[in-house]
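Heads up: the structure comes next, in structure tokens.
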């Protein structure tokens with residue numbers, strides 16, 4: 001333990017210390033260390049984690065993480081969880097209005113409020129809101145309306161096959177199938193029927 005480390009609290013289960021610029025929570029038992037925060041039911045935002053720039057006595061918040069419940073005063077047993085990430089936009093001051101929504105995570109989907117960029121996964125130049133498979137067949141696009149859509153680029157025009165809100169888009173797969181036109185079987189040629197009469201032949205009877 002460093003000389004500047006201060007033991008804040010210690011029990012048989014763990015130890016909380018402060019050393020240098022770090023607060024350390026170590027577990028002594030086979031159970032992970034926990035960090036918990038809470039608020040009354042009428043408070044939607046339960047925990048806030050803020051990244052601030054400190055200059056003298058002034059603080060400027062530039063990154064904000066919030067852990068929320070799905071609504072205010074939601075009855076017990078019906079509450080859901082939400083995760084929020086916000087970042088301050090440069091050049092717009094230090095007020096709350098400068099904080100921009102970046103991502104909202106819910107139990108069934110994630111809403112990205114900014115374009116997704118993954119240039120290391122693409123095979124060439126591609127706009128920052130999309131990534132493409134190495135073969136070029138599939139393309140994952142974050143659209144301007146915040147929909148995350150997977151396209152099949154082998155079709156003309158490219159067809160959406162999955163959406164983060166609607167899941168697999170089956171209608172596209174069904175309509176893209178080529179309909180087979182039934183082919184009529186050609187009638188087999190039939191042999192001419194034999195007639196009992198003979199034409200152009202002399203009769204064997206004598207007159």
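Residues within the reach of a label modelled at residue 59 (point 7 angstrom out along Cα to beta-carbon, backbone nitrogen below 16 Å), restricted to segment 14-41, are 22-23. Sorting the segments 60-67, 39-46 by their residues' average number of neighbouring beta-carbon atoms within 10 angstrom, most packed first, yields 60-67, 39-46. Taking other C-beta atoms within 10 Å as the exposure proxy, 31, 52 rank 31, 52 from fewest upward. Note on residue 83 and residue 163: with the Förster distance fixed at 25 Å, the Cβ-Cβ geometry gives a FRET efficiency of about 0.75. The stretch between residue 155 and residue 95 holds 16.8 nm of extra length on full extension. This uses 0.36 nm per residue minus the Cα-Cα distance.
Bear in mind that the values in this text are calculations on the coordinates, not laboratory data. Note that the coordinates shown come from a computational prediction; the quantities given were computed from them, not determined experimentally. Positions of Cβ are generated from backbone atoms using ideal geometry, with glycine treated the same way; all protein chains shown enter the neighbour counts.
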